[in-house]
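For reference, the structure is listed below as structure tokens.
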Amino acid sequence: MDIGKYKDIPAYYFEHDLHTTDFYEIVFFLKGNGYLELDNQQLKLKNHTILFLSPFQKRRWFVDKSKIDCYFLLFQDGFLSTFFSDKLFTYKLQFFYNKSNPLFLQPAPEFIHQLHSLLQDLQAEIKQYRPDSEHMTRSILYYLLIKLNRAYATQYQLSSQMEGNTIAVAFKKLLQEQLTKNRGIDYYAQQLGISRISLNTQIKKQFGITVSEMIQEYTIAEIKSKLTYTNLSIKEISAHLNFSEPQHLTRFFKNATGLSPNEFRNTYQNGRSVS
């Protein structure tokens, strides 16, 4: 885990070229400008914006680095899940691996003040490391993430409940890991040992959408990523996602977005924003 302001971590990669990381990132902008292109989302970076980035999300920054003031909070999944013996913790957070809602918050000033106090405590604990600091840093991080989850859930009208709906969270994790292998509802219901109806009930309760809608959102996001950031053909993308025929992917994508895959790719390459 690491935390610091931009002046403390000047090597943080605020660059235009495409890149990813293998850890979780939360960026708290005290002063922001420009925008971030994150997996086809274009996020404007205003003052007091909080960004949530999951591992391996593709991003490009379009900012004036000389005018940025922000905190970075960076951590690996194992930093929390091992300590708390909860392998699903990061999947319980509504802002990680979310394909439905914008991946940012712009909260009230009083909430920002609370967060800055926590960030300062966390940074001080890391700088003045003591034998019990590992416990303290995990505890502060855990508390901070839950507060952020509640705020995010409130802003986007989602469930902030992090305990009790293990099925929904386990499905989210499975879908993130196995989407390219299988997109069938029955497959995931079988993997989780419940019926389609029960799975749908739990997903609707936790994420506000149906199982099929969630699978579609993840599938569309994966297709968009491949169209935007690779030179794979429609046939190759179709095979990657186990569509039986390329035309089935084309029909699926156009029904969801109003554009054919080629139209979407051409629009992006011509410099126009697509969502």
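All of the numbers you see were taken from the coordinates with simple rules; none came from a lab. Here the structure is a predicted model, which is why all the values come from computation and not from measurement. With ideal geometry, Cβ positions are generated from the backbone for all residues, glycine too; neighbour counts draw on all protein chains shown.
Quick look at the numbers
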{"quantity": "Rounded if a/c under 1.5, otherwise prolate or oblate - the range 1-123, Cα gyration tensor axes", "calculated": "rounded"}
{"quantity": "Qualifying trypsin sites (Lys or Arg not before Pro) in the range 177-259, DSSP loop, other Cβ atoms within 10 Å at most 16", "calculated": "181"}
{"quantity": "Relative contact order of the chain, defined on C-alpha pairs under 8 angstrom at six or more residues apart (%)", "calculated": "15 percent"}
{"quantity": "Centroid-to-centroid separation of the range 188-222 and the range 11-73 [C-alpha atoms, Å]", "calculated": "30 Å"}
{"quantity": "Assigned charges on the beta-carbon of Lys, Arg, Asp, Glu; the chain dipole about Cα centre (debye)", "calculated": "620 debye"}
{"quantity": "Folded to 0 to 90 degrees: helix 166-178 orientation relative to the chain principal axis, Cα", "calculated": "70 degrees"}
{"quantity": "Nearest-0.05 FRET efficiency for residue 146 and residue 251, computed from C-beta distance (R0 41 Å)", "calculated": "0.45"}
{"quantity": "Reported label for calculated percent of Cα pairs over 36 Å apart given (1) 36; (2) 18; (3) 14", "calculated": "(2)"}
{"quantity": "At R0 = 41 Å, FRET efficiency that the Cβ-Cβ distance of residue 269 and residue 116 yields, to 0.05", "calculated": "0.50"}
{"quantity": "Label-to-label distance, nm, for residues given as residue 157 and residue 1 (7 Å Cα→Cβ offset)", "calculated": "3.4 nm"}
{"quantity": "Amide H contacts under 5 Å for residue 49, placed H, 5+ residues apart", "calculated": "29"}
{"quantity": "Cα-projected label distance for residue 181 with residue 11, points at 7 Å along beta-carbon direction, nm", "calculated": "3.5 nm"}
{"quantity": "With Cα atoms, 0 to 90° folded angle of helix 133-155 axis to the chain main axis", "calculated": "50 degrees"}
{"quantity": "Tally of Lys pairs whose C-alpha atoms are under 23 Å apart, taken over the range 163-247, 8 or more apart or cross-chain", "calculated": "15"}
{"quantity": "Lys, Arg +1 and Asp, Glu -1 on Cβ, resulting dipole of the range 47-167 about Cα centre, debye, nearest 20", "calculated": "480 debye"}
{"quantity": "Which of 86, 132, 2 has the fewest Cβ neighbours within 10 Å, and the rest in rising order", "calculated": "132, 2, 86"}
{"quantity": "Farthest toward positive dipole pole in the chain [+1 Lys/Arg, -1 Asp/Glu at C-beta], among 200, 98, 12", "calculated": "200"}
{"quantity": "Within-14-Å neighbourhood charge of residue 209 [Cβ basis; K, R +1; D, E -1]", "calculated": "+2"}
{"quantity": "Helix 211-229 vs. the chain, principal-axis angle (Cα, 0 to 90°, nearest 10)", "calculated": "80 degrees"}
